[in-house]
Every structure is written in C-alpha cells, then in structure tokens.
1. By its C-alpha gyration tensor, with a ≥ b ≥ c as the square roots of the eigenvalues, how is region 2-184 shaped: rounded for a/c under 1.5, else prolate for a/b larger than b/c, else oblate?
2. Do you know the relative contact order of the chain, to the nearest whole percent, from alpha carbon pairs under 8 angstrom that are 6+ apart?
3. With θ taken as phi - 60° and the coefficients 6.51, -1.76 and 1.60, list the Karplus ³J(HN,Hα) couplings across region 195-201 in order, rounded to whole Hz; mark glycine and proline as x.
4. Quick one: order 88, 201 from most to least accessible surface, probe 1.4 Å.
5. Would you kindly work out the equivalent ellipsoid of region 394-503 from its C-alpha gyration tensor and give its semi-axes, the square roots of five times the eigenvalues, largest first in whole Å?
6. Relative to the longest principal Cα axis of the chain, at what angle does helix 481-494 sit, 0 to 90 degrees, rounded to 10?
7. So what is the accessible area of region 409-516 per residue, in Å², with the probe set to 1.4 Å?
8. Taking the Kirkwood radius as the inverse of the mean 1/r across Cα pairs, report the Rg/Rh of the chain.
Amino acid sequence: MSIAILDYGSQYTQLIARRVREQQVYCELFSWDAPAAQVLAIQPRGFILSGGPASVYAPGAPTLPAYVLESGLPVLGICYGLQLLAHTLGGQVSTSSQHEYGSAHLEIVQENPLVDSALQQVWMSHGDRVQVPPPGFIVYARSATCPIAVMGDPQRRLYGLQFHPEVAHTPHGDQVLHNFLYGICACQPAWTTHSIIQDATEKVRAQVGAQRVLSAVSGGVDSSVATALVSRAIGSQLEAVFVDTGLLRQDERAGVQAALAPLLGENLHVVDAAATFLTALQDVSDPEHKRRIIGETFIRIFEQQADQLGHLPFLVQGTIYPDVVESRAPERANAQRIKSHHNVGGLPEHMDFELVEPLRYLFKDEVRAVGEALGLPSALVWRQPFPGPGLAVRCLGAITPARLETLRRADAIFRSALRAAGLIDRPPRSGEVPIAQAFAALLPVRSVGVMGDQRTYQETVVLRAVTSQDFMTADWAHLPADLLAAVSNRIVNEVPGVNRVVYDITSKPPATIEWE
Ligand code: XMP
C-alpha cells in the first residue's frame with residue numbers, strides 16, 4: 001500500500017513525501033523519467049506529481065509518462081504537476097512572466113472530494129497557470145489571481161492543485177493530502193513506527209540469515225538507531241565497534257556506552273584510540289590536513305578491530321532516505337567542496353562487505369521515532385549533529401590533551417546551560433526554527449586580562465549557536481543575554497587557561513557553522 005511521487009524538480013518534493021508518511025502511508029520518490037517498471041514495483045495506489053521549475057512549453061520540458069494515466073490509478077498534480085495534467089489532457093496552460101508567490105485566499109466554487117471551505121489560506125509559487133481545464137475536468141476552487149486553483153475529473157480520479165499543500169504556509173494542507181490518500185486512493189494507515197520496525201527486522205533477517213554483521217557506531221543518531229535496529233533483528237550475530245578518538249565531547253563515550261550496552265552487551269567493543277589519534281595530529285593545524293589524518297587513522301583502527309573479530313561479511317550503515325535522494329540529484333555532483341565532510345569517519349573502500357542499510361528509506365523524523373520506540377535515550381535520539389573529526393575542528397591551532405580538556409570543559413558548560421534552559425536536546429516545538437547546533441571552539445588567540453590582582457594572558461573561547469533547518473544555511477541564534485553572561489562567567493571562573501569568551505554573530509553564508 002504505497003504512493004509513488006514523481007519528482008519534477010521542486011524544492012518541496014521531499015516535503016511532500018514526509019507529509020504523506022506523516023499520514024501513515026508509505027511513499028517513495030522517483031525521478032519523473034524513472035523506468036515504469038521501477039515505479040510500479042512498489043505497487044502504488046496512486047501517483048503524486050510534484051511541482052517543478054519548468055514551463056510545460058519549454059523545449060525539453062519534463063513530461064507525464066504514459067504509464068501513469070494507463071494505470072487508471074488516481075493522480076494528484078501539484079503546481080507543475082497540475083499544469084502537466086492540463087497540458088497532456090487537452091487543457092490550456094498560459095505562460096506568464098509574472099510570478100505569483102506567497103499566501104492566497106482560496107474560494108471553493110464547487111463541492112468536491114479534495115478541498116473544502118476549511119482550506120482558506122494557501123501557498124502559491126508559480127508563473128504559468130491553467131487557463132482552460134481539459135475535457136472532463138471540473139474547476140473546484142479559484143483564487144483572486146488564479147482562475148483554476150483546484151480542478152479534478154472524478155471519473156478518472158485525476159486531480160490537480162496550483163498551490164502547495166505540503167508547506168507549513170498552507171495551514172490545512174494535510175487535510176487535502178488526507179482526502180487524496182484515504183478518500184480517493186483508499187489507502188490504509190499502515191505505515192507506523194511499529195510497522196517500520198517490523199518491516200526492517202524482517203528484511204535484515206532475510207538479508208543476513210545466520211551470518212555475522214559488523215557495525216561502526218559513531219554515537220550519532222543514524223548509526224545508533226541503525227545498530228539498535230539490526231541488534232533487535234539478529235541479536236548476538238551483530239558486533240559493534242565504537243572508536244574513542246580522544247576528540248569526543250565531555251562524557252560522550254560514557255553516553256554511547258550507556259545507550260548501547262543494554263542492547264549489545266559484550267558485542268559492543270569500545271576501542272580507546274585517543275593516544276594514536278593525538279600522536280598522528282601532533283603539530284598539525286591545517287583543517288583539511290586534520291581531516292585527512294583523522295580519516296586515515298580511523299580506517300586503520302577500524303580494520304585492526306575488524307580483523308580481531310574474525311570474518312564478518314556484512315556492514316551496517318546508517319544511510320537515510322535524504323542521503324539516497326540527494327546523492328542521485330545530478331546538480332550535487334558539481335557542488336563545490338567547502339569541507340571534505342564525507343571523507344572523514346568514512347570506512348575503507350576496499351573492504352569487502354555487503355551493506356545492511358535498515359534506514360535507507362526513512363526520513364530523519366522516522367529514524368528518531370524508531371530510536372525512541374527501541375528505547376534509546378532521548379538525549380541521543382534528539383542529539384545535534386557532531387562532525388566526524390570531532391573536537392579536532394573546534395580546537396583551532398595545535399591539538400594537545402590540555403587544550404582539548406579546556407575545550408571540553410567550556411563546551412560542557414555552554415551546552416548544559418542551553419539544556420537547562422530547554423533550548424537543545426529535545427523535540428522541536430511546532431513552528432519553531434530550532435537551535436540546530438551549539439558548541440564552544442577554542443581559539444589560539446591570547447589576550448590580556450585581569451583576575452584578582454593578576455594580569456592574565458590566556459586563550460579565547462568562542463561560543464557558536466545557530467538555528468537552521470538543513471545546515472546548508474544557518475543564522476546565529478539570538479540567545480538571551482543573561483544566559484550568555486552566566487555562561488561566560490562560569491567559563492572564565494571554572495576553566496583554567498581561558499580569560500575571554502566571545503559570541504559568534506555570523507550567519508552561514510558567509511561563515512560556515514564550524515570554525516574549521
Ligand atoms: P559547516 O561548518 O560546513 O557544517 O557549515 C555543516 C554541517 O556539517 C558538519 N560538519 C562535518 N561533519 N565531518 C562531518 O561528519 C566533517 O568534517 C564536518 N565538518 C562540518 C557541521 O558540524 C554541520 O552540522
């Protein structure tokens with residue numbers, strides 16, 4: 001029981017998929033020109049055609065594949081999807097150089113199974129619009145500037161919306177999707193956390209049989225949930241390795257052990273490799289050089305550990321659905337590399353493993369729900385991302401045990417104050433743009449201070465807290481001044497070697513979130 005979403009390039013396509021899943025209906029995203037057999041293999045109950053930047057009249061514009069209409073299944077076209085339905089079925093689309101962007105008031109002109117009068121405010125973002133509906137279609141709703149905002153052909157179960165029901169700016173948009181999924185496609189609410197776990201458990205068991213599986217746990221949400229899920233499926237056939245690089249935050253290793261040891265018992269192997277990493281990083285201050293060394297050292301230690309555990313033919317990876325969808329978008333291949341993120345903490349390419357990816361079709365919110373259902377602590381499930389090279393890229397300049405300890409203490413003070421104020425490590429509230437990352441960095445910059453009657457000449461801690469949805473752009477968080485003052489006080493008083501605390505007020509771009 002699923003829905004196939006054909007992607008025509010809208011920035012909102014992933015959001016459509018998340019909204020459908022929130023309604024407990026499984027869906028998958030496909031490029032609009034994916035082979036019919038691949039799309040039909042999920043046995044869809046209906047299709048959603050996403051929006052997209054093209055005009056139906058543009059040369060080479062994406063088209064509606066014939067199998068969609070031939071299937072006789074319900075179709076919901078959104079924005080470009082609506083225009084494509086109209087264009088393909090004999091309606092008339094008018095091009096316009098004027099873009100309608102923003103909230104619009106919807107007026108229902110005909111009772112219909114898709115939208116009702118509760119839906120008044122909708123979000124528009126389009127240039128072209130449908131001027132004449134195709135034969136068989138009825139106009140259901142219009143807006144002041146858009147004569148055909150909703151149309152449908154109930155006989156053939158083909159529907160279209162000019163607005164975006166998936167965005168938060170369309171307050172009752174979920175009801176429209178609900179009507180399509182349940183009323184028109186007759187879906188059942190079968191996609192629940194329970195069914196996700198059940199499904200993944202069966203798939204992992206079928207894939208690995210009685211063989212042994214290795215997992216590299218980083219302590220992050222995805223690798224921890226993937227490991228917990230595989231452990232639930234195959235118990236002691238799983239061996240998990242957690243490498244303590246010596247570049248972790250305060251109490252981080254203990255936290256990972258406390259979360260996973262109850263599930264994995266003796267099959268959780270914690271490798272203390274701090275000395276190896278610190279030796280390898282001696283006298284290195286260039287960020288990319290740090291990343292390279294950490295990546296190589298990680299691989300070497302992981303290989304040693306895997307050798308000790310004997311032959312394990314399978315490897316767990318915490319790949320999630322956005323990784324899969326985004327890595328197949330061609331434009332990303334040309335994206336400029338600002339930092340070599342994905343080379344760090346990556347595993348050796350030549351290792352001969354078959355991958356087990358239990359989260360491959362899950363969005364982050366689903367991964368978190370699974371983590372909670374499996375009993376992982378909420379601090380881990382709602383944890384902020386932490387870079388693979390860890391504190392190495394937050395300890396600017398030379399990486400020494402003493403400087404790392406200074407950084408750890410300052411960072412712990414900052415994050416505990418934010419946690420106590422209810423600002424991090426919890427589910428986001430509705431409508432809120434959450435603090436996506438907050439941390440301290442240690443700068444190799446000494447300045448003069450005075451403590452008691454003593455002149456001091458010590459290093460600087462910078463506090464960084466950003467709000468962000470996707471980590472591609474970020475704004476600095478406008479934290480309460482009292483909180484910043486209390487944190488600054490505590491750091492200077494409690495952390496030896498620091499006499500100055502500054503707050504970073506730069507957004508991304510032009511800065512990045514991390515300092516290196
Ligand atoms: P920037 O600093 O580029 O970071 O704005 C964007 C996001 O990526 C994380 N980050 C890393 N993650 N290895 C990682 O696994 C890295 O080398 C790395 N560098 C940055 C950063 O914490 C933020 O979430």
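The values are calculated or read from the model by the stated rules, or taken from the named source; none is laboratory data. Fair warning: this is a prediction, and the values are worked out from it, not measured in the lab. Ideal geometry is used to build each Cβ from the backbone, glycine not excepted, and the neighbour counts take in all protein chains shown. Quick note on the areas: whole protein, heavy atoms, side chains included, nothing else; ligands and nucleic acids left out. Shrake-Rupley method; radii C 1.70, N 1.55, O 1.52, S 1.80 Å.
1. rounded
2. Computed over the chain, the figure is 10 percent.
3. For region 195-201, the Karplus curve yields 5, 4, 5, 4, 4, 5, 4 Hz.
4. Ranked list, largest accessible area first: 88, 201.
5. Working from the Cα gyration tensor, I get semi-axes of 27, 15, 12 Å.
6. Helix 481-494 sits at roughly 30 degrees to that axis.
7. Each residue of region 409-516 exposes 51 Å² on average to a 1.4 Å probe.
8. Rg divided by Rh gives 1.03.
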